[in-house]
């Protein structure tokens, strides 16, 4: 134990300095804190650029695939020898994805880009137009990054150190992957969940699919490989939502074009539609995460 601590004493020292600096910044620089940190923020984004790792994987999308990225145990076991960066957030749509993709293509070092994999979670909510005044998760724009770069760099340092420490701990003492965790109770009844989505989302926008295809092409021009993951919905949601049906109709031509590129892989999880596997209208139960994570890990390993 003491040998382990001595081995990482530099990391602990840097972590302590970053925490102290971040505490000072939190008191003296409130604008960033006002933007919220319920999803990825400047620290994770800058950590991706400053220290992507030798074999980086970037999760991009909404919180349904974000559950896999934030569960350190699952992502560590499903993606061994990969440096996982969580760039997901609730209700993420194509405009935010475009900003993230452009940032990664410009800021990640060329050598790291050639080894990188961008995992993008798809569902109909990725491509919808939002009704005016709808209650969706907070917007965040990559263009705001330079205004808070100072504090973001401090947070990035903390993120990098924590990532290295977690990787060392998981390598030394791999946590048990618990497949029998009790299911979480449903957050909303099906009728309530469908009404919530219908109130927030207007339609699936065909132009949004074209923008998405152009974004993937841009990542490929930057020599980054892409895994498109078609995320499942519980059966009652997929069958009752007209938006889900519209997305299923519109996505096929786009996916066929993208899959023609050998650097773009497609993983279809939509058959995993058993309502018992979900804790609400879109998010998986804890035990289900293991199956999805393993499928994603196998797809990443199969990329050329």
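The values are calculated or read from the model by the stated rules, or taken from the named source; none is laboratory data. Remember, it's a predicted structure, so these values are computed and weren't measured experimentally. Neighbour counts run over all protein chains shown; Cβ positions are idealised from the backbone, glycine included.
Couple of notes before you dig in:
- Applying the condition of being part of a loop (DSSP other than H, G, I, E, B) and buried (at least 17 other Cβ atoms within 10 Å of the Cβ) to segment 50-70 and asking which residue is modelled with the highest pLDDT yields 62.
- Any hit, segment 237-253, residues being crowded, with 16+ Cβ neighbours inside 10 Å and not in a helix (DSSP H, G or I): yes
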